[in-house]
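**Student:** Pasting a structure here, questions to come.
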Amino acid sequence: MTGGNGAVTQGSRGRDKLTSVLRHDLPASLVVFLVAVPLSLGISVASGAPLAAGLVAAVVGGIVAGALGGSVVQVSGPAAGLSLVVAELVQVYGWRATCMITLMAGVLQLLLGMFRVARAALAVSPAVVHGMLAGVGIVIALAQLHIVLGGQPQRSALENLIELPEQIINNHAHGVAAGVLTILVLLVWTRLPKLKVVPAPLAALVIASLTAVALGWDITKVDLTGGFGSTAGPLWPKGDWHAIVGAVVLVAVLAGVESLLTCVAADRMHDGPRADLDRELTAQGAANLISGTLGGLPISGVVVRTTTNVRAGARSRWSAVLHGMWVLLATLAFASIIGLIPLEALAALLLFIGVKMVNLGNAKDLSGHGEMPIYFVTMGAVVVIGLAEGIVIGLGLAAIIALRRLTWVSVEVQQHAGRWRIAVTGSLTFLGVPRLSEALRTIPTGAPVDLDLHVDFMDHAAFETLHAWRLEHERTGGTVDIDELHDDWYSAAASGTRVYPAKSPPQLDRWYLPWAYRRGAADPVSEDLLTGTREYHRRTAPLVQPLLTRLARKQTPSHLFITCADSRIVPSLITASGPGDLFTVRNIGNLVPRYGSAPLDDSVAAAVEYGVKVLGVRTITVCGHSGCGAMVALLGEAPELPSVQRWLRHGRQSLARFVAESPGEQIGPLDRLCRTNVLQQLDNLRTYPMVEGLERAGELELTAMYFDFETARVHVLSEEEPLSPVPELRTG
């Protein structure tokens, strides 16, 4: 029976998969195919390669990279970003040698994928990649503009720009008409929702071709004579082997990085399985090896086709594979129809794509991270100097900016209450010594100085500068109190105990630690309060003064917080609140005397009245804690303290409720009474007519909280549910 059920389940899964492919991937593959054919032809034109080479790359990229790749939705094929590299290789080595370089680049990608280094490619700054693509787009647009005008592109973007006025004057009217018509269709088509079923590039080329045939325009047509047979196989390149190796590495790295970045972007577009980057790089290597062998262009993952694939509803890699098969069938069966496309229309399509590659949206995104200079410098260098040189310049600038950020240091000098405070933040290296020295020179001789070092690294040059200044300042009658807030770089170096690790062990932040954890063994306890006040004035007061200045005239708390006077409870710590958030009442046992109870105590009632009526709080929270001393006294005998005994009478209702309830299975008597007491105080609050009326009207909310010292967790107590167990408070 088990084997039969397994076979049925496996068969059912197979049918479901086939249904998904037919329903989602097949239609998506047709849409991608319609986009891929015109783009592949256009990239062949921009690369100076045989037109069929782009179609070969589209077929291999779809079938091989699609079947073996690490992403289920990425579509691979010839990429516009590689067209400049290919065009230069064709000019230097010839087409067949370029195919061999593509083949060897594929072998290199295979090796890199096998060694699982794909993640390392993501270390390349996206600003460099986007800047490179923008530069390539400008170069493509300038070159293809000459073809649209009926001329031939020059060897560089600057030459194309210089020759452009003459080319405009001596343009070929029919070619210009075909190009302008193509661009107009591309611009208008995407704004017509009902026509979006047909991809804009395909519609533009079909309309331009039919118009050219109908009007008898004198244009250059695409030549696909011989189909795939028109591409020749690879031939070993002749020339300097250093340059050949550099070309192989350049093609492999550029194609690999573009593929991996597209792969990462594709993961954000769909909810399916996440991409395996090493597998994707290996698949790209196999595809480039085969494409180079068959006479095709270099292959990489392509953003336009991948985005089209996802938007068309693709669910699996079958969409990419099928699109490659459709390109193969179309080229074999309809080569004569493809031959009707005007070359000027293809050039106009590339011109349009090149302009869109200059994506200012990417530049805007980079501006928030201070990387716009990398983008524009890389783009400009690619246009003016060349692709490889532009990439190297962009990477160099990115490295310089990253190094500057890693070695950034901030030195602030303030004078407050007769003392000078120097705050040093960041990585204190020799690069920051000039800024540090300039700040130290502003300190008057003999002045008391608080030096706060919040640094994650300090090299020897910085230590020597700081230490020499300290010795000199103390020699002339000044005092220097050094407080290392992050790592003990200075004190360890001064004592000679450091063995120069890459990083020192991190200290705990000190602001929440008790005084006993911060003072030395010989420090008197009586000085704790004054020492803490001085530390507040030095570190905290300058930070909170602007906030407290705004709060000086009026307080607008949102909560009335009633908790125990226990010294271990810090309301702002366990609620992550700040000045002005909580109107707090603290007493022994976090008790709320019942309305009109004896002995009379108006302190809590006054706080409730003032908080609700004057401050307008809309939530009253009673917060108890584990191991409460007041509850210990209620369970046993009250201490021989008359005032405490009278006060604890307000806890009798909690004790009676505790006795009446059944004991919890996992809670000890003391903890159960502590939690019962919190819930009872909510009932005591409801004895106040004002509180009861506002709660009934939905204008006031009462909540119960419980803090467990051992686990450092805050729990919310429910009045409807039993006390055991109590769920911890969860946020988000």
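**Student:** Hey, can you find the accessible area per residue of region 28-110 for me, probe 1.4 Å, expressed in square angstrom?
**Tutor:** 21
**Student:** Mind ordering 573-582, 38-47 by average Cβ neighbours within 10 Å, highest first?
**Tutor:** The peptides rank, most packed first, as 38-47, 573-582.
**Student:** Shifting gears a bit: So what's the back-of-envelope 222 nm ellipticity for the chain, counting only DSSP H runs of four-plus at -39500 (n - 2.57) apiece and dividing by all residues, rounded to 500?
**Tutor:** For the chain, the value works out to -17000 deg cm²/dmol.
**Student:** While we're here: List every residue whose amide H lies under 5 Å from the amide H of residue 717, counting only residues 5 or more places away in sequence or on a different chain, with H placed 1.01 Å from N in the peptide plane.
**Tutor:** 704, 705, 706
**Student:** Also: Which whole-angstrom value gives the distance between the alpha carbon centres of region 292-313 and region 633-688?
**Tutor:** Spelled out, the Cα-based centre of one part sits 72 Å from the other.
**Student:** Let a ≥ b ≥ c be the square roots of the eigenvalues of the Cα gyration tensor of region 148-219; is it rounded (a/c under 1.5), or, if not, prolate (a/b larger than b/c) or oblate?
**Tutor:** The shape class here is oblate.
**Student:** Hey, any idea what % of the chain's accessible area is carbon plus sulfur with a 1.4 Å probe?
**Tutor:** Numbers: 22520 of 36670 Å².
The computed percentage sits at 61.
**Student:** Also: I'd like to verify something in the chain: which complete DSSP H helices, judged by Cα projection on the helix axis, reach 20 Å or more and average at least 1.6 on the Kyte-Doolittle scale?
**Tutor:** Qualifying helices: 26-47, 126-148, 173-189, 200-215, 241-267, 343-357, 387-406.
**Student:** I've got another one for you. Roughly how many Å is it from the Cα centre of region 420-441 to that of region 16-48, as a whole number?
**Tutor:** One Cα centre to the other: 59 Å.
**Student:** With just the Cα atoms defining each centre, how far is region 342-399 from region 315-331? Give it in Å.
**Tutor:** 30
**Student:** Run a plain Debye calculation on region 346-445 (Cα atoms as equal point scatterers, no solvent) and give log10 I(q)/I(0) at q = 0.10, 0.19 Å⁻¹, rounded to two decimals, same order as the q list.
**Tutor:** So the normalised log intensities are -0.50, -0.98.
**Student:** Extension gain residue 158-residue 467, at 0.36 nm per residue separation less the Cα-Cα distance, in nm? Each step should come with its number before you reach the end.
**Tutor:** Values: separation 309, 0.36 × 309 = 111.24 nm, distance 5.57 nm.
Computed gain between residue 158 and residue 467 is 105.7 nm.
**Student:** Here is a follow-up. Which peptide among 351-363, 465-477 comes first, and what is the full order, when sorted by highest mean count of other Cβ atoms within 10 Å?
**Tutor:** Going from most to least packed, we get 351-363, 465-477.
**Student:** Per residue, what accessible area does region 238-281 have, given a 1.4 Å probe and all protein chains present, in Å²? Walk me through the numbers on the way to the answer.
**Tutor:** Working: 2140 Å² over 44 residues.
Here the residues of region 238-281 average 49 Å² of exposed surface.
**Student:** Another one. Classify region 73-157 as rounded, prolate or oblate, taking a ≥ b ≥ c as the square roots of the eigenvalues of its Cα gyration tensor: rounded when a/c is under 1.5, otherwise prolate if a/b is larger than b/c and oblate if not. It would help to have the intermediate numbers written out before the result.
**Tutor:** Values: a/c = 2.58, a/b = 1.52, b/c = 1.70.
Oblate.
**Student:** Also, I was wondering about something else. Which percent of the Cα-Cα distances in region 245-361 go past 16 Å?
**Tutor:** Considering region 245-361, 72 percent of its Cα-Cα pairs are separated by more than 16 Å.
**Student:** Which value, in Å² and to the nearest 10, is the accessible area of residue 450 when all protein chains are kept and the probe is 1.4 Å?
**Tutor:** Roughly 10 Å² of residue 450 is accessible to a 1.4 Å probe.
**Student:** Can you sort 610, 706, 595 by 1.4 Å-probe accessible area, starting with the largest?
**Tutor:** 595, 610, 706
**Student:** What's the FRET efficiency of residue 598 with residue 683 using the Cβ-Cβ distance as r and R₀ = 22 Å, to the nearest 0.05?
**Tutor:** In this case the efficiency is close to 0.75.
**Student:** What is the projected area of the convex hull of the Cα atoms of the chain, averaged over all directions, in nm²?
**Tutor:** Answer in nm², one decimal: 50.4.
**Student:** Another question about this same structure. At 7 Å along the Cα-to-beta-carbon direction for both residue 540 and residue 91, put a label point, then send me their distance in nm to one decimal.
**Tutor:** According to this spin-label approximation, the distance is 6.8 nm.
**Student:** Could you rank the peptides 378-386, 76-84 by their average count of other C-beta atoms within 10 Å per residue, with the highest value first? List each step's numbers first, then the result.
**Tutor:** Working: 378-386: 21.2, 76-84: 28.6.
In decreasing order of mean packing, 378-386, 76-84 become 76-84, 378-386.
**Student:** Okay, moving on. What FRET efficiency comes out for the pair residue 405/residue 269, r = Cβ-Cβ distance, R0 = 30 Å, nearest 0.05?
**Tutor:** 0.45
**Student:** Okay, moving on. Which three extents, in whole angstrom, do the alpha-carbon atoms of region 366-406 cover along their principal axes, largest first?
**Tutor:** On the principal axes, region 366-406 reaches 29, 18, 9 Å in Cα extent.
**Student:** A follow-up question, please. Placing +1 on the Cβ of each Lys and Arg and -1 on the Cβ of each Asp and Glu in the chain, which of 180, 219, 126 has its Cα farthest towards the positive end of the resulting dipole?
**Tutor:** Value: 219.
The values are calculated or read from the model by the stated rules, or taken from the named source; none is laboratory data. Owing to the predicted nature of the structure, the values given are computational and were not obtained by experimental measurement. Cβ: placed from backbone, ideal geometry, glycine included. Neighbour counts: every protein chain shown. With ligands, DNA and RNA removed, areas are computed over all heavy atoms of the protein, side chains included. Shrake-Rupley method; radii C 1.70, N 1.55, O 1.52, S 1.80 Å.
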